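The values are calculated or read from the model by the stated rules, or taken from the named source; none is laboratory data. Treat the numbers as computed from the prediction; the structure is a model and nothing was measured. Glycine also receives a Cβ, built like all others from the backbone with ideal geometry; neighbour counts cover every protein chain displayed. Side chains are part of the model used for accessible areas, which takes the heavy atoms of the whole protein and leaves out ligands, DNA and RNA. Shrake-Rupley method; radii C 1.70, N 1.55, O 1.52, S 1.80 Å.
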Amino acid sequence: MLFNKASGVALAVLGCLSNVVKADDFPTIEVVGNKFFYSNNQSQFYIRGIAYQSDVSANDNTSFVDPLANEEACKRDLPYLTALNTNVLRVYALDTESNHDACMSLFKDAGIYIIADLAEPTLAITSTSPDWDLELYNRYTSVIDEMQQYDNVLGFFAGNEVITNSTNSNAAPFVKAAIRDMKKYISDKGYRDIPVGYSANDDAHTRVDSADYFACGDDDIKADFYGINMYEWCGNSNFKESGYEDRTEEFSNLTVPVFFSEYGCNEVQPRKFTEIATLFSDEMTDVWSGGIVYMYYQEVNNYGLVSVVDDSTVSTMADYKYYSSEINAIHPTSAKASDVSTTALACPTTNKYWMAATSLPPTPNEAVCDCMSKSLSCVVVDDVNEDDYEDLFSYICGQIDCDGINGNGKKGTYGAYSFCSSKDKLSFVLDLYYKAQDESSQACDFSGSATLVKGTTASTCSSMISAAGTSGLGSVTGVSVNNSATETTATSTANDSSSSSSESKDKHDKKSTSTSVSSISSTSKGAADAVRSSSSIFGFFGVIAALLL
């Protein structure tokens, strides 16, 4: 019986080999209009994907295991993935210090591409206190630096379900700024043009405006693709009753590829995946580019296709059989890249459900923060715990205008130093307060939490400091900063008249309060779903041979 089961998997793998190409001929995936295409022959690419990351974070939702850094697990899972006709894996968090060569090569030889989330559980743009700062910028670019070397990276998600409903739609500009900056980073580094997009939840009030928002604008700003985590089809349904017909109509105007970045409702079990035939039918393929089923590993949330027995063995669940039957039976029609037209999409206007400005936060710039912090005369003491920053922010921002360090996605206003670290921002407002109090030494103490220093300004930092303004309400975009310039002593000046405002109270949300929020949780499922060079083709045959033994 074991032989028959393994043989069935192996034969299915052999049936997929016609789609596998040699490593040196491996095509990347390109975006043309609202569709994906293979780079070598311009034939259409549909996503037949699986979410591929297990939940190992227990209850704290802060840890994860990188699924692309475990060669043995990748070898174990590969035959089961290829038997499901898989061509895309979504991974939710990567360890940029790990080596991914082995797994990426195995999957490349099998014709499997990767869509990787740029965030990780403790470093993500959050719904309640959105930021686009240096720490996030460095995290995102580190993932790109690591993964850009692999031709089978299809794209990156700059956010996952950050906008969950109308109350936090003002977080959208921060995600779109991340998309803009990552696209520019990829270009500036001379990397392959790897698409960057967003994965949304399926909220009735925001889904249309959200899709339009991320797909609108110039090419260097808009998302390259758009995913939606879709769980509307439960049990046996159909195109109309499931809501798929309405969703297809709503997204028919999108000018970038759109697909299900997660799908597979589990309210009825086992899941028979009858939605797959419809998703890849002519009713939907003009708009949709496939989907990513949630998920490969069985966890407490009961979405798994397989359960892990041990490091070398998995056991298929009932869902695996049904999913295999459906996904291996699809035959979607294929468009030609030459027939796809590209058009511009207007950005949505703000309304009671959509409160996202089209003006985006500035690109985080470490040199700007460095210039600012070195110019200050009153700063936070190094040994003050970051957990204690909140009380200091609360008091100071009740006395002076702190908009220079804050960002408002609803109004589209962003302080010149809004992307700096919490420590630098606190020092900046401490210094503002100190100057507003006529530089009284008592105004730079706060029970020993602040201290006076000799502020210095590099000669070529002067233009940036001037552009930012005394209160940080200006813009430093486009201002050149040279960190190696000779420093000169700054002159203390009184705070300008615009630096005091009652509207600035409570505007600073302490960064550390959101570090336990994961970019991987899926609100549309209502479950705590936390985390979620090339080798020889002959090595791939070895995997099949092992199954046949």
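Observations
- Take each peptide in 41-50, 331-340, count the other Cβ atoms within 10 Å of every residue, and average; sorted highest first, the result is 41-50, 331-340.
- Based on C-alpha pairs under 8 angstrom that are at least 6 apart in sequence, region 345-467 has a relative contact order of 36 percent.
- In summary, region 19-165 shows an alpha-carbon radius of gyration equal to 1.08 times the 2.2 N^0.38 Å reference for compact globular proteins.
- Taking 0.36 nm per residue of separation and subtracting the Cα-Cα distance, full extension of the segment from A344 to S187 would add 54.4 nm.
- At q = 0.24 Å⁻¹ the log10 of I(q)/I(0) for region 366-468 amounts to -1.43, computed by Debye summation with a single uniform scatterer per C-alpha, solvent ignored.
- Summed over the residues of region 227-337 and divided among them, the accessible surface reaches 40 Å² per residue at a probe radius of 1.4 Å.
- Phi-derived couplings, Karplus 6.51 cos²θ - 1.76 cosθ + 1.60 at θ = phi - 60°, listed residue by residue for region 270-280: x, 6, 9, 6, 5, 6, 4, 4, 6, 4, 9 Hz, with x used for Gly and Pro.
- In terms of Cα atoms, the Rg and Dmax of region 273-424 work out to 26.2, 69 Å.
- Taking all Cα pairs closer than 8 Å and separated by 6 or more residues, the relative contact order of region 29-339 comes to 19 percent.
- The modelled label-to-label distance for the pair E249/S463, using points 7 Å beyond Cα in the direction of Cβ, is 5.5 nm.
- Over all other residues within a Cβ to Cβ distance under 9 Å of Y263, the charged ones net out to -3, with Lys and Arg as +1 and Asp and Glu as -1.
- Region 29-339 shape via C-alpha gyration tensor axes, a/c threshold 1.5: rounded
- For region 113-192 and region 355-421, distance of Cα centres in Å: 21 Å
- For V153, nonlocal amide neighbours, meaning residues 5 or more places apart or on other chains whose placed amide H falls under 5 Å from its own, are I114.
- Gain in span if fully extended, D145 to N236, counting 0.36 nm per residue against the direct Cα distance: 28.4 nm
- Taking every protein chain into account, the accessible area of region 132-194 amounts to 28 square angstrom per residue (probe 1.4 Å).
- Sequence-distant residues sharing a close amide H with I47 (under 5 Å, placed H): G290, G291
- Accessible area ranking (1.4 Å probe, heavy atoms, ligands and nucleic acids excluded), largest first, for F36, F446: F446, F36.
- Estimated at 0.36 nm per residue, the fully extended path between H331 and E283 surpasses their Cα-Cα distance by 16.0 nm.
- Nonlocal amide H pairs with A200, under 5 Å, H built at 1.01 Å: E161, G227, I228, N229
- Region 287-303 - phi-based ³J(HN,Hα) in whole Hz, Karplus 6.51/-1.76/1.60, Gly and Pro as x: 9, 9, 10, x, x, 10, 6, 9, 8, 6, 8, 6, 10, 5, 7, 6, 10
- Cα-based Rg and Dmax for region 250-302, where Dmax is the largest Cα-Cα distance (Å): 12.9, 38
- Local electrostatic count, Q42, Cβ distance below 15 Å [Lys/Arg +1, Asp/Glu -1]: -1
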